[in-house]
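A short worksheet on the structure shown next.
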Amino acid sequence: MRLADLSERSGVSTATIKYYLREGLLPPGRRINATTAEYDDGHLRRLRLVRALIQVGRVPVATAREVLAHVDDDSLGRTIRLGAALWALPQDPEPDEGDPAVAGARAEVDRLLGMLGWETARELAPLSPAHRSLVVAVAALRRLDFPWDAELMAPYGQLMHEVARRDLDLMESRASEAEKVESAVAAAVLFQPVLRALHRLAQEEESARRYGIE
């Protein structure tokens, strides 16, 4: 397809597509002549991912470029490739190591990972943005005297492991390796609001079943 066709199918203006091409967010099309290039469904798929990162995820262009570089790095195994792409996304602030609540939260999170048998998560903890985010969140709860400990978090961890299985099942249904990693990155940006909304709806439903709606 030509640039105008790509614009029409994606709903993205030609000016924006040209900007993404200049910034390296979209691979160049197959050159037909000096002024014309041809694009395919892979460009359309990548364009949708770029729009998800920038418009929905509010990811800066430079960060999006880094994420996509990991997506395209076929020298990496799938786990490292996926992890590198997800870790490049914007992350929560670092925990304040001088805060006693952080030390207590870190101990409970590490104990939780042991209870769940998540050995890889324990090994990668010093590098993992997700581990740091969990420590920060648990520290905030404990600082406000909510007794979040490993035992309380374990059932939630088990439920999220089932969510992760479903995520990867969906990812593995994609054809190419790049598509697999692209779908995982898109899910990290787009599916988190879905999970959050489902959680709130489930709370409303369970509350109504237990206590009524009057």
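The values are calculated or read from the model by the stated rules, or taken from the named source; none is laboratory data. For clarity, every value in this text was computed on a predicted model and none was experimentally measured. Using ideal geometry, Cβ is built from the backbone for each residue, glycine included, and neighbour counts are taken over all protein chains shown. Side chains included, ligands, DNA and RNA excluded: accessible areas come from the protein's heavy atoms. Shrake-Rupley method; radii C 1.70, N 1.55, O 1.52, S 1.80 Å.
Please indicate, with yes or no, whether at least one residue in the range 51-61 is among the small types (Gly, Ala, Ser), in the same structural domain as residue 16 (by TED's automatic domain parsing) and open to solvent by less than 20 Å² (accessible area, probe 1.4 Å).
The answer is yes, given that some residue of the range 51-61 is among the small types (Gly, Ala, Ser), in the same structural domain as residue 16 (by TED's automatic domain parsing) and open to solvent by less than 20 Å² (accessible area, probe 1.4 Å).
On the basis of being at pLDDT below 90 and either open to solvent by 100 Å² or more (accessible area, probe 1.4 Å) or under 21 Å from the mean Cα position of the chain (by Cα) (or both), does residue 189 make the cut?
Spelling it out, residue 189 is indeed at pLDDT below 90 and either open to solvent by 100 Å² or more (accessible area, probe 1.4 Å) or under 21 Å from the mean Cα position of the chain (by Cα) (or both).
Taking the range 70-89 as the region of interest, how many residues are exposed (fewer than 14 other Cβ atoms within 10 Å of the Cβ) and under 18 Å from residue 126 (Cα atoms)?
Residues that pass the stated criteria total 2.
Looking at (1) open to solvent by 40 Å² or more (accessible area, probe 1.4 Å); (2) under 20 Å from the mean Cα position of the chain (by Cα); (3) of a type in the set (Gly, Ala, Ser), which is the one condition that is false for residue 34?
Residue 34 satisfies all of (1) open to solvent by 40 Å² or more (accessible area, probe 1.4 Å); (2) under 20 Å from the mean Cα position of the chain (by Cα); (3) of a type in the set (Gly, Ala, Ser) except (2).
I'd like the full set of residues that are open to solvent by 50 Å² or more (accessible area, probe 1.4 Å), within 14 Å of residue 87 (Cα to Cα) and of a type in the set (A, V, I, L, M, F, W, C), limited to the range 118-133.
Hits for the range 118-133 are 124, 127, 130.
Of the residues 127, 76, 89, 82, which single one is in a loop (DSSP other than H, G, I, E, B) and touching a residue at least 60 places away in the same chain (Cβ under 8 Å)?
89
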